[in-house]
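The values are calculated or read from the model by the stated rules, or taken from the named source; none is laboratory data. Bear in mind the structure is a predicted one, so any value in this text is a computation, not a measurement. In this analysis, Cβ positions are derived from the backbone assuming ideal geometry, glycine residues included, and neighbour counts consider all displayed protein chains. Quick note on the areas: whole protein, heavy atoms, side chains included, nothing else; ligands and nucleic acids left out. Shrake-Rupley method; radii C 1.70, N 1.55, O 1.52, S 1.80 Å.
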Amino acid sequence: LAQLQFLTGQPRRHYIWPNEFPMRLGRGSDCALRIEEEGVWENHVAIKLDDENRFQLKRMSDASVMVNGEPMTEFQPLANGDVLVLGSVKLQFWLGPVQQQRLSTREAAVWALLAAVTAVQVCLLLWLW
């Protein structure tokens with residue numbers, strides 16, 4: 001669904017799955033993504049999905065958070081490619097890769113329907129001829 005890429009420190013990515021929302025980031029043991037670098041608070045921020053399934057960043061404490069170089073408000077909508085700064089950590093928010101649904105059953109049904117229509121047309125042509 002989404003991913004956070006660390007731009008400072010060790011290069012790594014954290015994937016966020018739908019069952020993880022709301023996802024808290026911080027030093028705390030109850031945070032889904034534990035970040036122990038300097039300047040990160042116990043419960044620094046949370047990433048939530050709003051009622052319209054848009055990503056929002058919510059500040060969980062008085063800690064400073066920057067989004068694209070600007071101080072964030074209490075709730076900040078997140079867009080693909082936004083850069084977050086939590087203490088000394090820089091993260092980039094990305095939407096996850098889109099995975100296509102398996103369509104083999106539908107494809108087989110369409111081909112079977114086309115074969116049936118073709119067979120009916122051939123039978124009609126032979127009957128009329």
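The figures follow:
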item	result
Residues satisfying the stated conditions in region 14-37, i.e. in contact (Cβ under 8 Å) with a residue 40 or more places away in the chain and open to solvent by 50 Å² or more (accessible area, probe 1.4 Å)	15, 37
Pick from region 38-53, criterion farther than 14 Å from residue 64 by Cα and open to solvent by 40 Å² or more (accessible area, probe 1.4 Å), ranking: modelled with the highest pLDDT	48
